[in-house]
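Reading through the structure tokens given below for one structure.
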Amino acid sequence: MKLLAPSILSADFSILGQQIKEVEEAGADIIHLDIMDGRYVPNITFGPPVVESIRKITDLPFDAHLMIVEPEKYITDFIKAGVNMISFHMDATIHAHRVVDMIKSNDVKAGVVLNPATPVKTLEEIIHYIDYVLIMSVNPGFGGQKFIPQTAEKVKKLKLLMEKANRTDILIEIDGGVNQDNINYLSMLGVNIFVAGNAVFKGNIKENVVNLKRGMLGCLS
Ligand SMILES: O=C(CO)[C@H](O)[C@H](O)COP(=O)(O)O
């Protein structure tokens, strides 16, 4: 699994689900799974049985972003279904530290997610335990939204917090409105994992992936 590469392109499966093989062949490094329950966000996608069925299609790492309340109830099922990374929202659970433990004790990478209005300082305690932070650059729930510029500032703040906590190994992921126009800027700020839905799947997938990767610093493939 190429999880430690400095610059990773993650194709957002939930936008147009059937093209996993195509994005893999085009050079995507990760498949990002948007898991929505209709409660934490105003949209519903899919659960562990669908993840299990698509697990057979590819060996690329699966990164599940749980936009669900009480994520602790479903983590074991998603892990059994074959995901390699799980992120959750701290305001969706009472015991965030326990959720991180549940994820990591199964040898899966654990991440927490910041909504556009959630400050970086909410990570001050949990930062010691996690593997990555997902910065939402749109309000979660739907693909195809416009990148919220202020969210890029959070990358800078997060890097400062990581330094202070002596956790510069944490990966920074960004999701929402990522495209060929902003990916290089985000990469220069220090983002490692770029989730892209429309920017990958709209038009020619191969060309899109190549162009996105061209903007990513230190891209390995
Ligand atoms: O999970 C999301 C919203 O909840 C993502 O922002 C979305 O799926 C990515 O799509 P796009 O790259 O088209 O903004």
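What follows is calculated from the coordinates using simple rules that are stated; it is not laboratory data. Not measured: the values here are computed from a predicted model. Glycine gets a Cβ as well: all are built from the backbone with ideal geometry, and neighbour counts include every protein chain shown.
Assorted remarks:
- So His128, is it touching a residue at least 12 places away in the same chain (Cβ under 8 Å) and away from the ligand (no atom under 15 Å from the Cβ): yes
- Answer residue from the stretch 198-213, given it is without any contact (Cβ under 8 Å) to a residue 60 or more places away in the chain and surrounded by fewer than 23 Cβ atoms within 10 Å (Cβ to Cβ) and is nearest to the ligand (Cβ to nearest atom) among those: Lys202
- The lone criterion from (1) within 16 Å of the ligand (Cβ to nearest atom); (2) within 15 Å of the chain's Cα centre (by Cα) left unmet by Met216 is number (2).
- Residues in the stretch 131-167 that are within 16 Å of the ligand (Cβ to nearest atom), touching a residue at least 24 places away in the same chain (Cβ under 8 Å) and not in a helix (DSSP H, G or I): 18 in all.
- As a summary of the residue check, Gly190 satisfies the conditions (1) on the phi > 0 side of the Ramachandran plot; (2) touching a residue at least 60 places away in the same chain (Cβ under 8 Å) except for the one numbered (2).
- Filter result (more than 15 Å from the ligand (Cβ to nearest atom) and under 18 Å from Leu189 (Cα atoms)) within the stretch 105-125: Pro119, Val120
- Any hit, the stretch 15-30, residues being surrounded by fewer than 16 Cβ atoms within 10 Å (Cβ to Cβ) and in contact with a Lys or Arg (Cβ under 8 Å, 6 or more places away or on another chain): yes
- Residue satisfying all of: in the stretch 174-197; in a loop (DSSP other than H, G, I, E, B) and more than 6 Å from the ligand (Cβ to nearest atom); surrounded by the fewest Cβ atoms within 10 Å (Cβ to Cβ) among these: Asp181
- Residue list for the stretch 56-71, restricted to those being among the β-branched types (Val, Ile, Thr) and in contact with a Leu (Cβ under 9 Å, 6 or more places away or on another chain): none
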